[in-house]
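Presented below is the structure to which this report refers.
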Amino acid sequence: MQKQFLDYGYNHIQHDIQLPKPSIMEYDGFTVVRDDLLDGGTKRRAFTDYVQWVKQTNPNVTELVYASPRQGYAQLSLTYACNDLGLKSTVTVPQGQHTWLTEESIRLGCNIIEVPMGFLTNIQAKARKYVETNDGCQLVPFGGDHPIIIESMKNAALSLNIEPPKEVWTVMSSGVLSRGLQKAWPDAKVYGVRIGHNTTDRERGRAETFLSKYKFHQDCKESERPPFPSSLTYDSKAWTWMKEHASEGALFWNVGK
């Protein structure tokens, strides 16, 4: 089985996990990368590389810990990657009603810890405390903001084997996906629709951004959703901006469903 390598100074990373390449379809004159078709979405690809890096650089780690907003997709992506590579996963989330992402993570064996007063600072503090008081644990950077993950996003884009797009759109929070695509297609004009996070200049990279009218936890209205499965609290919120501002043929990366 062909192994996967990274080229961001981490070319010692290799694993035998073979995920299908992202699918590409056309909608309303736009090119859409349909990573909603992969269980766990785009970050499952990147977390697979990250988890393997952890295993190779620190074999004493048996469990990865992450702090997730209630609607955060990374909780499910990390669970899949840990299961694939034989590590445990623990995710802290705000106490209260579970989203389908949390329920599916539980079904797959993730240890979910609910945090009262679940502000981001509180769930992050709980995750750090869990790591400090349990052997074999390592904290995953919030948003997956790590060079390996950015490089993996770049490699996923290059695996499409398409002509470099002239214009690229994503939804943006920590900006990890956008920065990976910026590395893959350095000549493309890049746009991001910001949600739920005051994205910094470093996180934006060279992307021009728009601010969504929705708060992170709010679902996108049905009339504004794209004509394919897309996260109602995340990717969906870019579609109206694209319809108004994007050029014909622009590429949109749909992270999950």
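The Cα center of the range 134-163 and the Cα center of the range 208-244 differ in position by 23 Å.
Round to a whole number: what % of the accessible area of the chain belongs to carbon and sulfur, probe 1.4 Å? Ligands and nucleic acids excluded, carbon and sulfur reach 48 percent. Based on the convex hull around the alpha carbon atoms, the range 95-134 presents an average projected area of 3.1 nm². Across the chain, Cα-Cα pairs farther apart than 35 Å form 11% of the total. For q = 0.18, 0.19 Å⁻¹, what log10 I(q)/I(0) does the range 52-127 give under the Debye formula with an equal point scatterer on each alpha carbon and no solvent? Here log10 of I(q) over I(0) equals -0.66, -0.72. Net charge in the neighbourhood of Glu203 (other residues with Cβ under 10 Å of its Cβ; Lys, Arg +1, Asp, Glu -1) is +2. At q = 0.14 Å⁻¹, what log₁₀ I(q)/I(0) does a Debye calculation on the Cα points of the range 156-195 give, no solvent, two decimals? Reported log10 I(q)/I(0), two decimals: -0.27. Count Lys and Arg as plus one, Asp and Glu as minus one, and take only other residues whose Cβ is under 15 Å from that of Asn161; the net charge is then +1. Straight-line reach from Lys166: taking Cα to Cα under 24 Å and skipping same-chain neighbours fewer than 8 places apart, the lysines in range are Lys21, Lys43, Lys154, Lys183, Lys189, Lys237, Lys243.
Pairwise Cα distances in the range 210-255 exceed 13 Å in 51 percent of cases. Take Leu139, project a point 7 Å from its Cα along the Cβ direction, then tell me which residues of the range 72-106 have their backbone nitrogen under 15 Å from it. What the label zone holds, given the 15 Å backbone N cut-off, is 90-93. Viscosity 1.306 mPa s, temperature 10 °C: what is the translational diffusion coefficient of the range 118-195 from Stokes-Einstein with a Kirkwood Rh over Cα pairs, rounded to a whole number of µm²/s? It diffuses with D of about 110 µm²/s by this estimate. Evaluated with a Cβ-only charge set (Lys, Arg +1; Asp, Glu -1), the chain carries a dipole of roughly 400 debye about its Cα centre, given to the nearest 20. Which residues does the label zone of Lys215 cover in the range 185-202, counting backbone N under 13 Å from a point 7 Å along Cα→Cβ? Within reach of a label on Lys215: 196-197.
Please report the net charge: other residues with Cβ closer than 13 Å to the Cβ of Thr121, K and R +1, D and E -1. Charge balance near Thr121 sits at +3. Using the Stokes-Einstein relation with a Kirkwood hydrodynamic radius computed over Cα pairs, the translational diffusion coefficient of the range 1-142 at 4 °C and a viscosity of 1.567 mPa s comes to 81 µm²/s.
Which one, Lys88, Lys21, Lys43, has the greatest fluctuation when you compute a Gaussian network model over the chain with C-alpha springs under 10 angstrom? The residue that fluctuates most here is Lys21. Size descriptors for the range 142-250: radius of gyration and Dmax over Cα atoms are 13.5, 37 Å.
At R0 = 35 Å, how high is the FRET efficiency between Thr200 and Val61 if r is their beta carbon distance? Nearest 0.05 is fine. The pair Thr200/Val61 has a calculated efficiency of 0.75.
Rolling a 1.4 angstrom probe over the protein heavy atoms, how many square angstrom per residue are accessible across the chain?
Accessible area per residue, the chain: 46 Å².
The values are calculated or read from the model by the stated rules, or taken from the named source; none is laboratory data. Everything numeric here is computed off the predicted structure, so don't read it as measured data. When we count neighbours, we look across all protein chains shown, and the Cβ atoms used for this are built from the backbone with ideal geometry, even at glycine. To get the accessible areas, we keep the full protein, side chains included, count just its heavy atoms, and leave off ligands, DNA and RNA. Shrake-Rupley method; radii C 1.70, N 1.55, O 1.52, S 1.80 Å.
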